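Enquirer: I have a structure I would like to understand better, so I am pasting it below and will then ask my questions one at a time.
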Amino acid sequence: MEKRPLVLLPGLLCDAALWRHQTETLTDLCAPWVADLTQDDSLGAMAERVLDAAPRTFCLAGLSMGGYVAQEIMRRAPERVERLALIDTNARADTETQVKTRQELIRLSEIGKFKGVTPRLLPNLIHPTRLKDPTVADVVLQMAERTGQEAFKRQQMAILKRVDGRGDLLAIRVPTVVICGRQDALSSLEMHQEMAAGIPNAKLVVVEDCGHLAPLERPYAVSAVMRYWLSA
């Protein structure tokens, strides 16, 4: 029997390394594909690029910025998505403070300080106990270096332009799991509870001792949840 396609959407400054454990361990259930979200400066363009490259129907999982793109896909082509996983993300627009922070990070990258961006962000991205763990922290730094300055600016511009999508959650009718790290410093547990409550029959899973990059930080836990989500 043909395996169900699984489209994986990385977060800001992330690439396929974020999803390595899932792409290696879930292949008995699905055919995983990690989308490229580095080429566009709007969530709509990112969503259209994914839809153009993806199979006719697929399961969809997105982390952080990838979660914003996943929600945009659900607004544009809900009939193509069989199952949805929203991970360490939220449905709100940026606050004024978040907008200023993103604009400052864009400014720093433009004056040649891009390499300083990720170390500055790292404490917000991963659990404090993993800041010196090379299997996590080094992977984050390497993903950022591969993504590069220009893609970082495009991604930040796309995130800046996103709208509040909480009112659209009710229209999601596919089996949905909302996953978050308990210690996610960027997308709080409250935000995930809000999404899970807004999506009919969605399930909320909290990953303990985990920050904003759950698939990388707690790969076995996230893969186990996704396995159940894919097969239930």
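Enquirer: Going by the structure shown, is V205 closer than 24 Å to R20 by Cβ, part of a strand (DSSP E or B) and free of Cβ contacts under 8 Å to residues at least 60 places away in the same chain?
Expert: The answer is yes for V205.
Enquirer: Please go through (1) in a loop (DSSP other than H, G, I, E, B); (2) under 15 Å from I199 (Cβ atoms) for V163 and return the number of the only condition it doesn't satisfy.
Expert: So V163 meets the others, but not (2).
Enquirer: Just checking, does region 137-147 include any residue being under 29 Å from S223 (Cβ atoms), in a loop (DSSP other than H, G, I, E, B) and not aliphatic (A, V, I, L, M)?
Expert: No, region 137-147 contains no residue that is under 29 Å from S223 (Cβ atoms), in a loop (DSSP other than H, G, I, E, B) and not aliphatic (A, V, I, L, M).
Enquirer: Return yes or no: is D168 assigned to a helix (DSSP H, G or I) and among the acidic types (D, E)?
Expert: yes
Enquirer: Which residue pairs have Cβ atoms under 7 Å apart, sit 6 or more places apart or on different chains, and have a first residue in region 143-165 that is closer than 10 Å to L12 by Cα and a second that is in a helix (DSSP H, G or I) and of a type in the set (F, W, Y)?
Expert: Filtered contacts from region 143-165: F152/F114; I159/Y68.
Enquirer: What's the number of the only condition in (1) farther than 18 Å from K161 by Cβ; (2) surrounded by 20 or more Cβ atoms within 10 Å (Cβ to Cβ); (3) touching a strand residue (DSSP E or B) at 6+ places or on another chain (Cβ under 6 Å) that L9 fails to meet?
Expert: (1)
Enquirer: Here's something else I'd like to know. Tell me, yes or no, whether region 41-51 has at least one residue that is closer than 16 Å to R162 by Cα and hydroxyl-bearing (S, T, Y).
Expert: Scanning region 41-51, I find at least one residue that is closer than 16 Å to R162 by Cα and hydroxyl-bearing (S, T, Y), so the answer is yes.
Enquirer: Return the pair list, or none, for Cβ contacts closer than 9 Å from residues in region 213-225 that are assigned to a helix (DSSP H, G or I) to residues that are of a type in the set (S, T, Y), at least 6 apart or on different chains.
Expert: P215/S223; L216/T135; P219/T25; Y220/T25; S223/T25
Enquirer: Something else now. Scan the helices (runs of 4 or more DSSP H) fully inside region 39-116 and keep the ones with 2 or more residues being modelled with pLDDT under 95.
Expert: Qualifying helices (runs of 4 or more DSSP H): 96-110.
Enquirer: Still on this structure, I have one more. Out of the residues in region 35-67 meeting the condition of being among the hydrophobic types (A, V, I, L, M, F, W, C) and touching an Asp or Glu at 6+ places or on another chain (Cβ under 7 Å), tell me which one is farthest from R92 (Cα to Cα).
Expert: Ranking the candidates gives F58 first.
Enquirer: Go through region 1-38 and give me each residue that's part of a loop (DSSP other than H, G, I, E, B), within 17 Å of T147 (Cβ to Cβ) and touching a residue at least 24 places away in the same chain (Cβ under 8 Å).
Expert: Once the filter is applied, which keeps residues that are part of a loop (DSSP other than H, G, I, E, B), within 17 Å of T147 (Cβ to Cβ) and touching a residue at least 24 places away in the same chain (Cβ under 8 Å), region 1-38 yields P10, G11, L12, L13, C14, D15, A35, L37, T38.
Enquirer: Failed condition for Y228, given (1) under 15 Å from the mean Cα position of the chain (by Cα); (2) assigned to a helix (DSSP H, G or I); (3) within 27 Å of R76 (Cα to Cα); (4) of a type in the set (S, T, Y), with all others met?
Expert: (1)
The values are calculated or read from the model by the stated rules, or taken from the named source; none is laboratory data. Everything numeric here is computed off the predicted structure, so don't read it as measured data. With ideal geometry, Cβ positions are generated from the backbone for all residues, glycine too; neighbour counts draw on all protein chains shown.
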